[in-house]
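Where a number appears in this text, it was derived from the coordinates with a stated rule and is not lab data. In this text, all values refer to a predicted model and were calculated from it rather than measured experimentally. Heads up, the Cβs are rebuilt from the backbone with ideal geometry, glycines too, and the neighbour counts pull from every protein chain shown.
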Amino acid sequence: MPDDCTACLGDFIEDGAIDIDDLLFLMSVFGTPEGDLDEDGTADINDLLILIAGWGECP
């Protein structure tokens with residue numbers, strides 16, 4: 001999970017964009033706390049929707 005210093009929520013790979021690599025990471029940790037973007041304790045469909053909403057280059 002990204003820390004508070006990460007500029008782009010969902011950029012797990014920290015390459016400045018939310019892209020296929022981040023999606024694949026989220027899918028690999030789906031159902032665990034590791035990819036939890038909304039801080040509800042589990043990487044789930046809501047986290048996937050957050051990732052998709054931020055798709056593209058980070059600001």
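Structure data summary
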item	result
Helix-only mean residue ellipticity at 222 nm for the chain, each DSSP H run of n ≥ 4 adding -39500 (n - 2.57), per residue, nearest 500	-8500 deg cm²/dmol
In nm, spacing of pseudo-spin labels at ASP19 and LEU49 (7 Å Cα→C-beta vector)	2.7 nm
Amide proton proximity set for CYS58, modelled H, under 5 Å, gap of 5+	ALA17, ILE18
Cα-centred dipole magnitude for the chain, charges only on beta-carbon of K, R (+1) and D, E (-1), debye, nearest 20	160 debye
Rg to Rh, two decimals, where the chain supplies the alpha carbon set and Rh follows Kirkwood	0.91
